[in-house]
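Peer 1: This is the structure I have questions about; it appears just below.
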Amino acid sequence: MLRGPTDSTKKIVVFEGLFGQPKNLIDVKSDNFKILSYRKLEDKKILRICEQVGSSGDLEIVPKFSFSKACLTNILETDVDELHVNEGSIILEYEPFKIHTLVIE
C-alpha cells in the first residue's frame, strides 16, 4: 500500500552543476587530484583525496587554517604515518590512482 507524504517527510534539496573543491578551506596544488571528502570531527579536519591520472611524486597541500600536525591514515582513520609540514603546507608523497586520507590537527 502506498502512502502519501507526511509531516515527517524531509524536503529534497537539488543542486545543479558540479561541486568544486572547498577552495576557501584547503588548496591542493595539483590538478591530478580530486577531493573526495572533507569534514570536521571535533578539533580534527579529515581530507580524503584521490590521484586520478596515473602520476606519482610529491604533492603540496596548503590548508587555509592554522594547524600543527598532519597524519596519513588508513581508511578507518587510524594514524599510519606523520606527514612533513613545511611553513603552513603539507607535503605528501603519492602513487598513481591511490586514495589518501589525511587527518589535520
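Here, each number is a calculation from the coordinates, and none is a lab measurement. Being a predicted model, the structure only gives us computed values, none of them experimental. Note that each Cβ is placed from the backbone with ideal geometry, even for glycine, and that neighbours are counted across all protein chains shown.
Peer 1: Fewest Cβ neighbours within 10 Å first, please rank Thr78, Thr73 accordingly.
Peer 2: Numbers: Thr78 10, Thr73 16.
Result, fewest neighbours first: Thr78, Thr73.
Peer 1: While we're looking at this one, here's another question. For a quick check: sort Arg39, Arg48 by the number of other beta carbons within 10 angstrom, fewest at the front. Kindly include the intermediate steps, with their values, before the conclusion.
Peer 2: Working: Arg39 9, Arg48 17.
The most exposed by this proxy come first: Arg39, Arg48.
Peer 1: Also, quick follow-up: Under a plain spin-label model, where a point goes 7 Å from the Cα along Cα-to-Cβ, how far apart in nm are Ile91 and Lys44?
Peer 2: Calculated label separation equals 2.5 nm.
Peer 1: May I ask you to sort Cys50, Cys71 by Cβ crowding, counting other Cβ atoms within 10 Å and putting the fewest first?
Peer 2: Details: Cys50 14, Cys71 18.
Least crowded to most crowded, the residues run Cys50, Cys71.
Peer 1: Moving on to the next point. With labels modelled as points extended 7 Å from the Cα through the Cβ direction, what inter-label distance (nm, one decimal) is found for Val53 paired with Leu25?
Peer 2: 2.5 nm
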